Amino acid sequence: MKTLAVSGYKAHELGIFDQKHRGIYYIKKAIEQRLRAFADEGLEWVIISGQLGVELWTAEVVYQLKDDFPSLQLAVLTPFLQQEDNWQEATKQYYQELLSKADFVDSITKRPYESPAQLRLKNEFIISKAEGLLLLYDEEKIGSPHYYLEVAKKRQQTEDFPVYFITPEDLDLLISDEQSWE
């Protein structure tokens, strides 16, 4: 697999409202473990849409992994132009900083937000460009990742398209493993 789409919950869907939240550390560690394994097997591109939460934490992880995997690249395909326009200033700066380091940045619809159809198009486009999907998701807690999963399942009806999950159980295990070493 050369290209992997990565998504998951937005920060607020996880009850995370600032970048110092302890849970971010474990989420990034889980993403890092998965991406490291895929990079060992030849992963070249990670694709995100740049949404706040799991996707931007994934960008941070990709940048850290570049020390060990210099050829690993990040593509940020936003659903529309200026998706950060209504965000708080500190969040905008964080976003711009992450985008400035990306290997490829583009907007799928070349215009500002007009309708939810742009978000649907984003999911379909990114899934069409990837060879697999890594999703931080809990099937008992429907949220924004559900829409990516729907598109991935539709693609699975006609071809092999692996979907990998990071579940709450995976995070719990990571936390308990780490705490047993402290």
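Of the trypsin sites (Lys or Arg not before Pro) found in region 91-182, those in coil by DSSP whose Cβ has at most 10 other Cβ atoms within 10 Å are LYS110. Backbone geometry of region 151-156 corresponds, through the Karplus equation with coefficients 6.51, -1.76 and 1.60 at θ = phi - 60°, to 3J(HN,Hα) couplings of 5, 5, 5, 5, 5, 5 Hz, x marking Gly and Pro. Counting every C-alpha pair in the chain, the share spaced more than 23 angstrom apart comes to 39%.
Counting only protein heavy atoms and using a 1.4 Å probe, the accessible area of TYR9 comes to about 10 Å². The apolar share of the surface of the chain, taken as the fraction of accessible area on carbon and sulfur atoms (1.4 Å probe, ligands and nucleic acids excluded), comes to 50 percent. Amide H contacts for TYR9 (H built 1.01 Å from N in the peptide plane; partners 5 or more residues away or on another chain; cut-off under 5 Å): VAL54, LEU136. Within region 22-126, the GluC sites (Glu not before Pro) that combine a DSSP coil assignment with at most 13 other C-beta atoms in a 10 angstrom radius are GLU41, GLU114.
Average accessible surface for region 45-182: 54 Å² per residue, computed with a 1.4 Å probe over protein heavy atoms with every protein chain in place. Once you've got the Cα coordinates, tell me which of LYS129/LYS153; LYS110/LYS141; LYS66/LYS154; LYS28/LYS110; LYS92/LYS141; LYS29/LYS66 are over 23 Å apart. Among LYS129/LYS153; LYS110/LYS141; LYS66/LYS154; LYS28/LYS110; LYS92/LYS141; LYS29/LYS66, the Cα-Cα distance tops 23 Å for LYS110/LYS141; LYS66/LYS154; LYS28/LYS110; LYS92/LYS141. Note on the chain: GNM, Cα springs under 10 Å; of THR78, THR158, THR58, the largest mean-square fluctuation is that of THR158.
The values are calculated or read from the model by the stated rules, or taken from the named source; none is laboratory data. The shown structure was predicted, so the numbers you read here are calculated from the model rather than taken from an experiment. Reconstructed Cβ throughout: ideal geometry from the backbone, glycine too, with neighbour counts over all protein chains shown. Note: accessible area is taken over every heavy atom of the protein model, side chains too, but ligands, DNA and RNA are not part of it. Shrake-Rupley method; radii C 1.70, N 1.55, O 1.52, S 1.80 Å.
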